[in-house]
Ligand SMILES: Nc1ncnc2c1ncn2[C@@H]1O[C@H](COP(=O)(O)OP(=O)(O)OP(=O)(O)O)[C@@H](O)[C@H]1O
Ligand SMILES: [Mg+2]
């Protein structure tokens, strides 16, 4: 027997959620989640991630708008009538039940025979790498193993959508990496639709097909990890996804889709993104600053730190300071060195003001 996938797409159409009289937790969200993809909701605390997830599960009801799972309008359907499972941050295992009983729990209500339930649960445990742990109690497992049991319990139900709310936050850093890779591998193998909530940008970049960046109850940007990293739409996204230097510049000319910017005597061509001539701000990743470029603006090294795989520099230019990284650790620059700084190809992106 195999665990298979009934993966379905999820659609939010103008969905809002107001708690009580006036807490607007989700504000007119439109969102299309493709079947078989892992989509992450990423954003700072209180931006509405859990509320969005709970509305997919039916644990919260939308105040307005429509939610579809597959072709079905589930907007007013209670949680028990939706084909969705959720994995919580706290695992929520039954402490007095064995691992196998925990994984079997939901199945016993789904009309499977005793033998089928047992077989299915064992397959689920095998999938999460816990073969042979079936008779243990949750208290006899590590945190990472407990979380895997929670994942197995959700998987064996073969839900149309699998939801994760910050599933790794109780694990230490090393285990977090391992469990997130396992979740991603299982999701890809089985072709599951997964909606995954985190406030950790690195985790989001590592596991997602697509990331939905949320801010103040609304969507700030949706894109692949690469799109968000390379072309953030605004300062908030640039800052939230990876480190970014925000540099002032002047847009000298705009020709069609291309702009030429100036910093001191340095000129650089990049997409204009609809921004017109005049003072502007660019976001540049630390790794896209080229220290010692033939052509660039002037800066001075004010801090140099060796971190094993690379050098980290703080540079001071006429307009302010920047953070830069360089792979060349064998010839580090001394503090006080005067350098010319340019941009790598596809380096900076122009940001709208505001
Ligand atoms: N049951 C509730 N009653 C009233 N307000 C609520 C309730 N649940 C959440 N809120 C409010 O709704 C907003 C969004 O909360 P939500 O839990 O969705 O945020 P989140 O993005 O998951 O945050 P975190 O990263 O801290 O978990 C917050 O302002 C929160 O205080
Ligand atoms: Mg939350």
*Would you tally the residues in the stretch 188-203 being under 22 Å from residue 176 (Cβ atoms), crowded, with 18+ Cβ neighbours inside 10 Å and away from ligand 2 (no atom under 16 Å from the Cβ)?*
3
*Could you please let me know if residue 175 is more than 23 Å from residue 212 (Cα to Cα), modelled with pLDDT under 90 and either within 18 Å of the chain's Cα centre (by Cα) or surrounded by fewer than 21 Cβ atoms within 10 Å (Cβ to Cβ) (or both)?*
yes
_Looking at (1) in contact with a strand residue (DSSP E or B) (Cβ under 8 Å, 6 or more places away or on another chain); (2) in a loop (DSSP other than H, G, I, E, B); (3) surrounded by 18 or more Cβ atoms within 10 Å (Cβ to Cβ), which one does residue 93 not meet, given that it meets all the others?_
(1)
*Residues of the stretch 46-60 satisfying the condition of being surrounded by fewer than 17 Cβ atoms within 10 Å (Cβ to Cβ) and within 7 Å of ligand 1 (Cβ to nearest atom)*: 46
*Just to be sure, is residue 85 modelled with pLDDT under 95 and either within 16 Å of ligand 1 (Cβ to nearest atom) or surrounded by 14 or more Cβ atoms within 10 Å (Cβ to Cβ) (or both)?*
yes
*Count of residues meeting criterion [free of Cβ contacts under 8 Å to residues at least 40 places away in the same chain, crowded, with 19+ Cβ neighbours inside 10 Å and in contact with a helix residue (DSSP H, G or I) (Cβ under 8 Å, 6 or more places away or on another chain)] in the stretch 204-249*: 4
*Residue, nearest to residue 88 (Cα to Cα), within the stretch 106-128, restricted to residues that are surrounded by fewer than 18 Cβ atoms within 10 Å (Cβ to Cβ) and within 30 Å of the chain's Cα centre (by Cα)*: 106
*Got at least one residue in the stretch 277-287 being exposed (fewer than 12 other Cβ atoms within 10 Å of the Cβ) and either closer than 20 Å to residue 253 by Cβ or modelled with pLDDT of 95 or more (or both)?*
yes
*Going through the stretch 157-184 one residue at a time, which ones are in contact with a strand residue (DSSP E or B) (Cβ under 7 Å, 6 or more places away or on another chain) and within 16 Å of ligand 2 (Cβ to nearest atom)?*
163, 164, 165, 166, 167
*Only residues that are surrounded by 11 or more Cβ atoms within 10 Å (Cβ to Cβ), out of contact with any strand residue (DSSP E or B) (no Cβ under 6 Å at 6 or more places or on another chain) and modelled with pLDDT of 95 or more: list them for the stretch 324-354, please.*
340
_Hits in the stretch 30-45 (condition: more than 8 Å from ligand 1 (Cβ to nearest atom) and either surrounded by fewer than 16 Cβ atoms within 10 Å (Cβ to Cβ) or farther than 18 Å from residue 236 by Cα (or both))_ = 30, 31, 32, 33, 34, 35, 36, 37, 38, 39
*Can you give me the ranges of the strands (runs of 3 or more DSSP E) entirely in the stretch 210-308 with at least 3 residues that are assigned by TED's automatic domain parsing to the domain that holds residue 338?*
245-255, 258-263, 266-271, 278-284, 289-291, 297-306
_Flag if residue 286 is touching a residue at least 40 places away in the same chain (Cβ under 8 Å), out of contact with any helix residue (DSSP H, G or I) (no Cβ under 9 Å at 6 or more places or on another chain) and at negative phi_ = yes
*Number of positions in the stretch 48-58 that are touching a helix residue (DSSP H, G or I) at 6+ places or on another chain (Cβ under 7 Å) and either in contact (Cβ under 8 Å) with a residue 60 or more places away in the chain or within 12 Å of ligand 2 (Cβ to nearest atom) (or both)*: 1
_Six or more apart or on different chains, Cβ atoms under 6 Å: show the pairs whose first residue is in the stretch 4-28 and free of Cβ contacts under 8 Å to residues at least 40 places away in the same chain and in the same structural domain as residue 157 (by TED's automatic domain parsing) and whose second is surrounded by 17 or more Cβ atoms within 10 Å (Cβ to Cβ) and part of a strand (DSSP E or B)._
19/25
*In this structure, does residue 92 turn out to be more than 30 Å from residue 239 (Cβ to Cβ), modelled with pLDDT of 95 or more and more than 12 Å from ligand 1 (Cβ to nearest atom)?*
no
*asked:* Can you go through 163, 100 and tell me which one is crowded, with 20+ Cβ neighbours inside 10 Å and over 28 Å from residue 56 (Cβ atoms)?
replied: 100
*Specify the residue that is surrounded by the fewest Cβ atoms within 10 Å (Cβ to Cβ); the eligible residues are those in the stretch 61-73 that are under 20 Å from residue 19 (Cβ atoms) and over 22 Å from the mean Cα position of the chain (by Cα).*
64
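The values are calculated or read from the model by the stated rules, or taken from the named source; none is laboratory data. Bear in mind that the values here come from a model prediction, so they are computed numbers and not experimental data. Backbone-built Cβ (ideal geometry, glycine too); neighbour counts: all protein chains shown.
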